[in-house]
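Below is one structure, written out as structure tokens, with a few remarks after it.
Since every read-out is calculated from the coordinates, none of them should be taken as a lab result. Not measured: the values here are computed from a predicted model. Cβ atoms come from the backbone with ideal geometry, glycine included; neighbour counts cover every protein chain shown.
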Amino acid sequence: MNTFAHLLGYLVDLFTALLGSVLLLRAWVYAQAIPTADPIARFCIALTDWLVLPVAKTMRASGKWHWPAILSAFGVAILSSILSRLLFGIPMSILGLVVSPFALLIRWGTEMVLWGTVIWVVLSWLQSASPVTRTLGYLVDPFLRPARRLIPMIKGFDLSPILVFILCQVILIIIPPLARGIV
């Protein structure tokens, strides 16, 4: 593979991962009932409306989940899988084309939890009164809560983000071969 194809493949992976992650974040913000006036919600809406609104005309968000955002993220994952296969010379197998988009969604969601937790920990030390810190706390709390049951606080220090970080890293070791379609 030449350098240009490698660079182009990297850029495709980067931009589709960013877009897919923001789409999943939009769905998670909706699921956690974060108000649309919140800065994180406004950020997600501003970056993804161009893709989500046309999908929302054919299907509505229902129940707890924002299905137009999830379907849009799945579409981005399919596009990323196909483009990566073409750029990196990975054969197009039916099984790979089915598994790869789901693996990408898991990877993007896991990276979102990982980075959300890291950013929340840093902000909680530096700017604990910030509205963004509070919202991030609401968004990562469903992942931290089970870890808090396993690891109690030590002298007021919450170690649960470390367990979440380790579990996310384990998932991110397992998922990339599936995301590349090597099944």
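Taking R0 as 22 Å, what's the FRET efficiency between residue 5 and residue 171 from their Cβ-Cβ distance, rounded to 0.05?
It comes out at approximately 0.20.
Residue 145 to residue 122: FRET efficiency via 1/(1 + (r/R0)^6), r the Cβ-Cβ distance, R0 30 Å, to the nearest 0.05?
So, using R0 = 30 Å, E works out to roughly 0.90.
Points 7 angstrom from Cα along the Cβ direction at residue 83 and residue 65: gap in nanometres?
The two pseudo-label positions are separated by 2.5 nm.
Mind ordering 44-51, 91-98 by average Cβ neighbours within 10 Å, highest first? If you can, show how the numbers build up before the last one.
Details: 44-51: 16.5, 91-98: 12.0.
Put in order of decreasing packing, that is 44-51, 91-98.
Before anything else, pin down the relative contact order of the chain: Cα pairs under 8 Å, at least 6 apart, normalised by residue count, whole percent.
Value for the chain: 26 percent.
How compact is segment 3-179 by the rule of thumb for globular proteins, expressed as Cα Rg over 2.2 N^0.38 Å?
1.12
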